[in-house]
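Undergrad: Take a look at this one; I'll ask things after.
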Amino acid sequence: MVFTMWQFLAPIHKAGWPFVAIFAVGTFLLSLMSSFLGIVGVGLTLWCIYFFRDPERVTPQDSQVVVSPADGYVSMITKAVPPQELRWQEGELTRVSIFLNVFDVHVNRIPVSGKIIKAHYYPGKFFNASLDKASEFNERNSLVIKTEGGQEILVVQIAGLIARRILCEAKDGDDVKAGDRYGIIRFGSRTDIYLPKGVDSQVLVGQYMIGGETVIARL
């Protein structure tokens, strides 16, 4: 992964400003105690700003492609049953899991254009997001999106060991476009995307995804 200057100068997501303010106040208080602690505080504040960065992305203008909903590495590609609480589809679908570490952009993006036909929040546990069982047991927020062509795709925000808050601004009935921002997961997490039957992923385990840009599959 190559870091460029625009990544450091990217705007801050609105959900990050309260945390940046808290870190800044903490830095001021630490600096009153000692110069060393003040420097540590500055470093932590800069990291907080970097974590909540929200860069612009260029989404492919092709209604037949599924783009990545998040930045991060593909941790697994497997056949899996969608979360049962959705009561959506039975049987296994291809699931692509993207793991986000604390240095990745955590703003989530819509993978395909269409309409949200189901939205569901599940208050689960907080296992390490890199583990397979995280898809079944962890806190998560699910969106089922129906494309103009009638295919349905499920994207799931999953909280991790450190992440304790999922923010989702999209809701049932919303019309959405591929690449739209729709939420953020704070401090390490994972995103799963379930592809329609008969659709295979075009990415590999270990490949780095750019949210809103990298093509995961073609419908």
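The values are calculated or read from the model by the stated rules, or taken from the named source; none is laboratory data. Remember, predicted model here, so these are calculated numbers, not experimental data. No Cβ is skipped: glycine too gets one built from the backbone with ideal geometry, and neighbour counts run over all protein chains shown. Heavy atoms of the whole protein, side chains included, go into the accessibility calculation; ligands, DNA and RNA do not. Shrake-Rupley method; radii C 1.70, N 1.55, O 1.52, S 1.80 Å.
Undergrad: What tally of residues in region 169-219 results from selecting those that are in contact with a strand residue (DSSP E or B) (Cβ under 7 Å, 6 or more places away or on another chain), of a type in the set (D, E, K, R) and under 17 Å from I116 (Cα atoms)?
TA: Result for region 169-219: 8.
Undergrad: A follow-up question, please. Exactly one condition in (1) open to solvent by 70 Å² or more (accessible area, probe 1.4 Å); (2) modelled with pLDDT of 75 or more; (3) more than 17 Å from D71 (Cα to Cα) is false for T147; which is it?
TA: Of (1) open to solvent by 70 Å² or more (accessible area, probe 1.4 Å); (2) modelled with pLDDT of 75 or more; (3) more than 17 Å from D71 (Cα to Cα), only one is false for T147: (1).
Undergrad: Return the residue satisfying two criteria in turn: it lies in region 153-183 and is in a strand (DSSP E or B) and open to solvent by 40 Å² or more (accessible area, probe 1.4 Å), and of such residues it is modelled with the lowest pLDDT.
TA: L167
Undergrad: Related question: What number of residues in region 200-219 are open to solvent by less than 10 Å² (accessible area, probe 1.4 Å) and either at pLDDT below 95 or part of a loop (DSSP other than H, G, I, E, B) (or both)?
TA: Number of matching residues: 3.
One line per residue, one yes/no per condition, for (1) touching a helix residue (DSSP H, G or I) at 6+ places or on another chain (Cβ under 9 Å); (2) closer than 20 Å to R186 by Cβ:
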| residue | (1), (2) |
| --- | --- |
| E56 | yes, no |
| V74 | no, no |
| T94 | no, no |
| N101 | no, yes |
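Undergrad: What is the residue count in region 184-199 for residues that are at positive phi, surrounded by fewer than 22 Cβ atoms within 10 Å (Cβ to Cβ) and under 12 Å from the mean Cα position of the chain (by Cα)?
TA: The total comes to 1.
Undergrad: Here's another thing I want to ask about it. Filter region 184-199 down to the residues that are of a type in the set (A, V, I, L, M, F, W, C) and in a loop (DSSP other than H, G, I, E, B) and list them by number.
TA: Listed by number, the residues that qualify are F187, L195, V199.
Undergrad: Pick out the one residue from I39, I12, I22 that is modelled with pLDDT under 95 and in contact with a strand residue (DSSP E or B) (Cβ under 9 Å, 6 or more places away or on another chain).
TA: That would be I12, the only listed residue that is modelled with pLDDT under 95 and in contact with a strand residue (DSSP E or B) (Cβ under 9 Å, 6 or more places away or on another chain).
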